[in-house]
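Just below is one structure, and these are the notes that go with it.
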Amino acid sequence: MFKQYRNSGQRAHGKPFSGLSAPVREKGDLPFDLELTRRVTGAAMAPKWGTRDPAEAPLVDAYYDSFDETDLFDPDNGSFEGDASLARDVAMRDRDLPVGPDLWSILPEGRFGHGGTPLEMQMRLIRQDRTILRAFDDLRTQLVRTMHGSGWSRIAIAAPTAGSGASFTAVNLALSVARIPDMRALLMDLDQRGPDIAHLLGMKAGGGLPALLAGDIGPQDHLIKPCTTLAVGLGRGSAQDASEILHARRTGAVMDAVLDALRPDIAIYDLPPMLEHDDLEAFLPQVDGVLLVADATRTLASQITECERRLEGKTHLLGIILNRTRPARPEPRQRRAA
């Protein structure tokens, strides 16, 4: 079960960027849900729940200037030149790829590892818990309305630290969207350090993601369509230069070309933990917004605040999903009067 919250902490407005910095875990720092409760109730709570110390994993505070394509835009002919144009040419050259809805129709078909429809696959993932299904459907509805109302279609999903359920959230959100008739969802596993979507869906990955992003293969060589409303790009293995691949100008141009050809209603990208790797920040120019997934039992409020600081001014923070919330304690029974 998960709940959706906004962080109530103060952002570090006006502070200069501090290079390789990390949120410092102060004495008494609490997991995000307990910190939220403490702030609302004003109660002092002991940090008796297990936490993940940010110092356990290397933090890369990677701010890179976003690539400005206006430097390559030629106003005389209304086209892009230089590396971006080259990447588009490489991605689509000699592949005879149709544009628009036709490309979607020729994507190779596959099956969920356990068969069935998107609903059946989703129910298996959430262990038949319809409360969780309703929560994901509500998240789907809010996101679709917000994104379409703003003209957005590309969302990145990531967590502050590993093990918070970002891939699980990305898969279920994509399956919820895919259950809407006449809507098309594209789900891509961009976690080249520990891809997990293929395992969750029980599917075998197609052509390698680095080859797609380099323009060496076409979308139909990487993407698989398990149903008419969902296409998935599955990862396999690991790449040591994962963030460098996402930083490349070629990657952005190829992704633009792929989306222009597929025209999905929503594209969902699963990325590595934000405070452990810089992959998400490298890919920010390619998304319209970010959805953060926090582990209620381990994610610290300071980690959420740090993620907000890194995203501020670069993209839209669409919301925070609080995963693995603790069940409410039952009310103590009152003794009957004698």
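Taking 0.36 nm per residue of separation and subtracting the Cα-Cα distance, what length does fully extending S150 through A211 add?
Details: separation 61, 0.36 × 61 = 21.96 nm, distance 3.20 nm.
Net length gain for the segment: 18.8 nm.
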Mean-position separation - Cα centroids, segment 139-167 and segment 270-292, in angstrom: 11
Could you check the spin-label model distance between R111 and K314? Points 7 Å from the Cα along Cα→Cβ, value in nm. 4.2
Restricting to bridges with both residues inside segment 71-323, how much of the DSSP beta-bridge set is antiparallel, in percent to the nearest 5? 15
Net charge near I197: determine it from the other residues with C-beta under 10 Å of the C-beta of I197, scoring Lys and Arg +1 and Asp and Glu -1. -4
Would you grab the residues whose amide H sits under 5 Å from the one on V293? Only those 5+ places off in sequence or on another chain, please, with H modelled 1.01 Å from N. A158, A159, I321
Sequence ranges 149-156, 289-296, 203-210, ranked by mean other-Cβ count within 10 angstrom, highest first: 289-296, 203-210, 149-156
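Values in this text are rule-based calculations from the coordinates and carry no lab data. The structure displayed is predicted, hence computed values, not measured ones. Positions of Cβ are backbone-derived with ideal geometry, glycine not excepted, and every protein chain shown enters the neighbour counts.
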